Structure formats: C-alpha cells, structure tokens
Amino acid sequence: MSAVTADRVRAALADVCDPELPVSVVDLGLIRGIDVDGGAVTVRMTFTSIACPCTEVLKEDVAAAVGALDGVTAALVEEVFEPWSRADLTDEGRLILRALAVV
Amino acid sequence: MSDGGAQRGLVNLLVVLADNKWSLGRHLSEWAVGAPVLETGVATAAIAQGHMGQARVLYPLLEELGSTLGSADERTRRYQVAALDHPFPTWAHVVAALLAVDGALNSLLLSLRGSSHEQLARRVGRMLEEERFQRDFAEGRVHELSAFPPGTAQLQAALDAVLPEMLCWFGPAGEEGVAALAAAGLLDGDGDRWRQRYLDRVGPVLLEIGVDLPARRAGSTWEIDDLPWDRWNPLQRRLASPSPAPGAALPTSSA
Amino acid sequence: MTTEGELLERLGAGKLVEGPQHATEAYVRALTRTLIVSGDTELISAPAYLRAAQHAPSTGAYMTVVSMIQDEIGHAHIAYRMLRDLGVDADALVYEREASDWRYPYAFDVPLDSWAELVVANGFYDRAGYCLLGDVHEHTSYGPWKRALVKVEYEENFHLRHGERWMGIYAADPDRKRDLQAAVDWMFPLTLEWFGLPDHLKRHSGQLSYGLKGRSNDELRQRWMSTAVPLCEKLGLDVPAHRDEATGTYVIDCPFPMAFDEEAKRWDTSRAVSWDDVMVRWKARGPANEEFVAKVQRGYKQLVAA
Ligand SMILES: [Fe+2]
Ligand SMILES: [Fe+2]
C-alpha cells in the first residue's frame, strides 16, 4: 500500500470537474487545503458562488475521488466559505474558461 | 461563547433569517416562469438560487450551534414572515417581496457582518456577495413594473400588506434579546436603527415611482406610522396571519 | 431581400446567411417556422420542469432544476430575439398567443409528476433537444443561430448528464428502479415521436433544401437512439428498441406509431394507429398545454389587459 500524501490527493482531484464546466476543482481554485492523517484525508474547499447548485454534487465527487485512492480509509470534505474570485483560477483554468467565453 | 442567552438568541435569529431566505427563494423560483419579460425570468431564476444558497450557508452553522431544527426542507413549520406563507399571487407581489422582504433580511445580515462569532461573520461575508446583485435586481424590477400602466397601483397594494410587517420585523425598540446580542458583539445595532436604515434603503426608490409609505421623511430620519404591534409575534418574528395556523413558538432553547 | 438564385448560389458556396438582406421571403418563412418551434420547445420545458421540481429530494436538487429552467428560458430568449430581428412580434408570440397555437413537441403536454419522470425527461427530452440543436449547429445556413448554439449545446449537455446521473442513482435501488422503468415505458415512445413523421411521409418544408438542418427526421431519430438505447441497456432498463448488428442501425420493437392514453400515460401496444391519427392528437395538444402556457403568460396578462 502506498503512502497517502497531499500531492497524490491533489493529483486525483485534477480529474474532478465542475458538472457545468470542463474545468477541474483544482484549476478552478476551489481546493483550499488538504490534511492527511494516516489514511484519513480532509479536503477543505470553497465554491465559486453560494448560488451554485453544484456544491453537493462536487462534494460527493471530491469525496469519491479521494476515497478511491489506494491507502485512503476516510475521505472528508469541509466547506470553508472563503471568498472566490477569478484570481483563484490556475492558468490552465483561465485558458479553458476563456475558450468557452465564460470569463 | 460564554453567554447562553445570547447564543439562544443568535440561534433564533439565524433560523428566522435562514427560513425567510429559503422561502423567499422558493417562491421566487416559481416566478422564473411567468415573469412579464423573458430576460427577467432568466434573472429571477438566478436570484432565486442565490436566496436558497444563502439559506444553505446558514443551516449547517445552526447545527454547529446546537440547534436541532434542521433545514427548512426537513420540516413543515417555517419561521418566516406572513408575507412568505403562500406563493406570490401576482408579479407585483414578487417585486414587493424582492424589495421589501429581502431588503429587510439583507439589512439585518449587514449588521452581522462584523459579528464576534468568527464562523458566522465568515459565512455572512459569503452571503453578502449576493447582496449588491439582489438589491440592484429589486430596484430594477420596481422600475420595470412601474412602466406598465397598472404596475404602480398593484405594487402599492402588495406593499400595503408587506411593509408594516417588515417594519415590525426589526423588533420593538429596546428589545431585550437584541440588546444581549449586541452586548456580546454578535451583531451591531437595534430595532430602531435598523428600521431607519431599512427605510433609507427601500424608501427612495418607492417614493420615486409615487408609492405611499407608512413613513415620511423628517430631516435626516424617518417618522414612522403606528405599527401593528398588537399582531406582532416576537418569538416567530412575524405578524399573526389573518387566519391563524396552529401556533408553535420558535423553540427558545435547543437543549 | 435577394433572389432565389443568389440565395442558392450563396448556400452552394458554403456561405452563411447573416440576415434578411441575404435571404428570400421563402427562406425567411422557413427559418421563422423553425425558430418558433425551437423557442416554444425551450420555453415550455420551463413550466414542465418547474412542476416536476416540486418532487425534488433536496434543496440542492431543487436548485439544480431551477438552474436548468434558467438555461431553458435563456435558450428560448435567443430564438425569440432572432425572430424579433426578422421582424416578428415576439412579445405577442410569447405572451398573447393561444395555447393551442404553440408549436412544441407533444411530449411536453404530458405532465411530469415525479422526480423519476423529471430525470428521464432530462435523459430523453434534453437528449432529443441536444440531437436536434447539434444538427442545426453543424448544418444551419443561418449565421446568427449557428453562433448562438455553442453555449446552448453546452448547457443542454449538462441537462442530459443530470438526467443520466439520477437515472443511475434510481436504477441502483430496486424500488426506485420500478418507478424509473414506469417512466421510461411511456416516455421512450413519446421521444421517438419527437422527431416527427418518418421520412417517407414528410412533406417538403424547405428546412433541408435551405440548409436549416442537415439530417432527416429518421436520421435524427437514429442518432437519439444510438445513445439513449445503450444508456438504458447499461442501467438494466427495458426499452422497445435494439441495435441490429448486421446494419448497425436501431430497430423499433413496438408498433410505431402507437395509440397513447394521455391521462393514464400508457401506450396500447395492441393497437397500431396511423400517422394521421397521431397528427390529430398532436394538433389537439395534450393535458398540460393550457396550464403551461398560462403559467408563462400570467405575469404579463396581470399587467396588460388582454
Ligand atoms: Fe434548452
Ligand atoms: Fe435542456
């Protein structure tokens, strides 16, 4: 069994996309912290807007992606209610959203 | 938090705020279909999601504060103003609620922005991201409505029922629970100051289109008509409905 | 306006029509008809989905439907705005037209009464919309529409993914799967009808020759089945269609057309009817037609004395 690290968790989250946009939660800048305690992982995340109906689906998807990692025994998602702005996008995220004319 | 009384007061206030936002969002969403202009329907759907999202931010915090009430969709009783008891019968009622009900809710939210309860202050900060949009939308709808010949009269009729309740909604002067919350640094202000600020917020746009208010300007403050305090229910923070439903007071303690 | 010859030359050169100055009256007529069907279909889906949203299992689920309704009204607005640019009184079209004069697929006249029916509508109806609009996007000769459809298709794809996600959740639970199957039973054939008369009966409408769409009714029906049928098979749901391995096309395994009891939401598989009978049912509209159109028009009618 391989050791669980924040980097491995982050890599797994790069595959979790917003249901309305082909951009991952990492590129959207939604991931605000990853705590690893043995096999127990807590992902702290915020959302682009509280009006977004996608929060539940995204939390489920994040928990599922982390839970599927080898060595993870518990995956928890904690919503932190931090503000979000376009400045939180990664370059990759900005590129995709610009192509879709969203930003 | 050391003061148990203040905490109970805070929980009650937050339940009321969350339930009102939830019901407002729910009733608004029903008018995404039926708005008198298609673009307005699109925006109404977006605004409604914002209100429901604001409620969704508060419910988990209530649980952390020890409330066992759960969220509005888990119970049949909601702690909301009488103006939100039923679906809005006309578009004018929608506009009245956007301006007068939400204006009051947001006024109070603004006074929680600097709360000493750090978790609450953070969540209120996120909730208030919607505030500017909500306020602009409401004022835009007032003007849009007044452009239809019967619009202003319809809005007046809807507001006549809503404004007195919302003016009461900030509580009587010197309300004890509010004073305890303010003393604990949980919120900022009191009933009379909120009422004034509320009228500063909703008054000008209504006067502009010729709506009569139950208040008039006297220098830099508003002189308010007699409010229906005889029908005011301080525990449910609402006016008694014309046909009273089996009453249940908001639980004052979660213990 | 231009001449038929100049128009056909323009289309032949693969150039887009950007407005009435590039078109003939006949082209504008065909385009207008097509846009009205598109606008009406988008708009009527809003009251249909809103009614079903009352059965949402949570506030989050409800909000998702409200967000889809927001998309649909936006899509409708795009179509009506283009109609306005063509000189049509779009306000009268939306807010003053008789319910029976609306032009959207009959399927939306049959009310959705549960969460299961709503998510099958997302999985089937939004997929039908996606197939049709995808074809328009690919082939339409009308420039403004082609460009507007990039965003529409993106959102439509989200609606149908929403349907698939929830159909998957329901299919995993034996009790809910029964509800899901019941919804599929009446909604699958209704979506087959969505694409209209079979090609051999379809009268020429100018849609194909003017390049307003690219594929025929039967081709579009095939395209819809090519993803809808595998989805249902994967979820263990029975549908009256299968893929014929020899030809690679989908074969419908029930009478088509068929008699439909709109109140009971049941098909009578023992009774084949003619397409003329179906046209009569379509023209008469279904149970929710008046309710839905009234919902759309109510705010306007309260403010503008008819
Ligand atoms: Fe659509
Ligand atoms: Fe759709």
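The values are calculated or read from the model by the stated rules, or taken from the named source; none is laboratory data. Everything numeric in this text was worked out from a predicted model, so none of it was measured. Heads up, the Cβs are rebuilt from the backbone with ideal geometry, glycines too, and the neighbour counts pull from every protein chain shown. Side chains included, ligands, DNA and RNA excluded: accessible areas come from the protein's heavy atoms. Shrake-Rupley method; radii C 1.70, N 1.55, O 1.52, S 1.80 Å.
General remarks:
- Verdict on residue B:140 being of a type in the set (Gly, Ala, Ser) and not in a helix (DSSP H, G or I): no
- Checked against (1) buried (at least 19 other Cβ atoms within 10 Å of the Cβ); (2) within 20 Å of the chain's Cα centre (by Cα); (3) assigned to a loop (DSSP other than H, G, I, E, B), residue C:232 meets all criteria but (3).
- Only one of C:84, C:97 that is in a helix (DSSP H, G or I), basic (Lys, Arg) and more than 10 Å from chain B (Cβ to nearest Cβ): C:84
- Among the candidates C:142, C:130, C:106, residue that is within 13 Å of the chain's Cα centre (by Cα), more than 27 Å from residue B:36 (Cβ to Cβ) and more than 15 Å from ligand 1 (Cβ to nearest atom): C:106
- Among the conditions (1) touching a residue at least 24 places away in the same chain (Cβ under 8 Å); (2) crowded, with 16+ Cβ neighbours inside 10 Å, the only one that residue C:196 does not satisfy is (1).
- Among the residues of the stretch A:5-25, the ones that are outside any loop (DSSP other than H, G, I, E, B) and touching a strand residue (DSSP E or B) at 6+ places or on another chain (Cβ under 7 Å) come to 6 in all.
- Here residue C:128 meets the list (1) without any contact (Cβ under 8 Å) to a residue 12 or more places away in the chain; (2) buried (at least 22 other Cβ atoms within 10 Å of the Cβ) almost entirely, failing just condition (1).
- Selection status of residue B:105, in a loop (DSSP other than H, G, I, E, B), buried (at least 18 other Cβ atoms within 10 Å of the Cβ) and away from chain C (no Cβ under 13 Å): no
- When residues in the stretch A:48-72 are screened for being within 21 Å of residue B:133 (Cα to Cα) and assigned to a helix (DSSP H, G or I), 1 of them pass.
- Within the stretch A:34-55, the residues that satisfy the criterion of being closer than 24 Å to residue B:54 by Cβ and away from chain C (no Cβ under 14 Å) are A:43, A:44, A:45, A:46.
- The set of residues from the stretch C:160-169 being within 10 Å of ligand 2 (Cβ to nearest atom) and over 16 Å from the mean Cα position of the chain (by Cα) comprises just one member, C:162.
- Any hit, the stretch A:56-74, residues being within 14 Å of chain C (Cβ to nearest Cβ), open to solvent by less than 20 Å² (accessible area, probe 1.4 Å) and over 9 Å from the mean Cα position of the chain (by Cα): no
- The set of residues in the stretch B:29-42 being more than 16 Å from residue B:145 (Cα to Cα), open to solvent by less than 20 Å² (accessible area, probe 1.4 Å) and not in a loop (DSSP other than H, G, I, E, B) consists of B:29 alone.
- Which listed residue, of A:97, A:28, is under 28 Å from residue B:48 (Cα atoms) and part of a helix (DSSP H, G or I): A:97
- Test: residue in the stretch C:49-57 that is touching a residue at least 60 places away in the same chain (Cβ under 8 Å), more than 12 Å from chain B (Cβ to nearest Cβ), surrounded by 21 or more Cβ atoms within 10 Å (Cβ to Cβ) and more than 16 Å from ligand 1 (Cβ to nearest atom): no
- Residue in the stretch C:5-17 that is away from ligand 1 (no atom under 16 Å from the Cβ), touching a Leu at 6+ places or on another chain (Cβ under 8 Å), assigned to a helix (DSSP H, G or I) and away from chain B (no Cβ under 14 Å) present: no
- Residue check, residue C:71 within 12 Å of chain B (Cβ to nearest Cβ) and acidic (Asp, Glu): yes
- Extreme residue, nearest to ligand 2 (Cβ to nearest atom), among residues of the stretch C:147-159 that are crowded, with 23+ Cβ neighbours inside 10 Å and away from chain A (no Cβ under 11 Å): C:156
- Qualifying positions in the stretch C:102-131 - away from ligand 2 (no atom under 12 Å from the Cβ) and hydroxyl-bearing (Ser, Thr, Tyr): C:104, C:106, C:114
- Unique match (being open to solvent by 30 Å² or more (accessible area, probe 1.4 Å) and within 16 Å of ligand 1 (Cβ to nearest atom)) among C:94, C:37, C:65: C:37
- Residues satisfying the stated conditions in the stretch B:66-101, i.e. open to solvent by 10 Å² or more (accessible area, probe 1.4 Å), among the small types (Gly, Ala, Ser) and in contact with a Phe, Trp or Tyr (Cβ under 8 Å, 6 or more places away or on another chain): B:70, B:71
- Selection status of residue C:112, in contact (Cβ under 8 Å) with a residue 12 or more places away in the chain and in contact with a Lys or Arg (Cβ under 7 Å, 6 or more places away or on another chain): yes
Residues are listed down the side, and each one gets a yes or a no for (1) free of Cβ contacts under 8 Å to residues at least 24 places away in the same chain; (2) open to solvent by less than 30 Å² (accessible area, probe 1.4 Å); (3) closer than 26 Å to residue B:33 by Cβ; (4) of a type outside the set (A, V, I, L, M):
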site: B:111; (1), (2), (3), (4): no, yes, no, yes
site: B:114; (1), (2), (3), (4): no, no, no, yes
site: B:123; (1), (2), (3), (4): no, yes, no, yes
site: B:143; (1), (2), (3), (4): no, no, yes, yes
site: B:149; (1), (2), (3), (4): yes, no, yes, yes
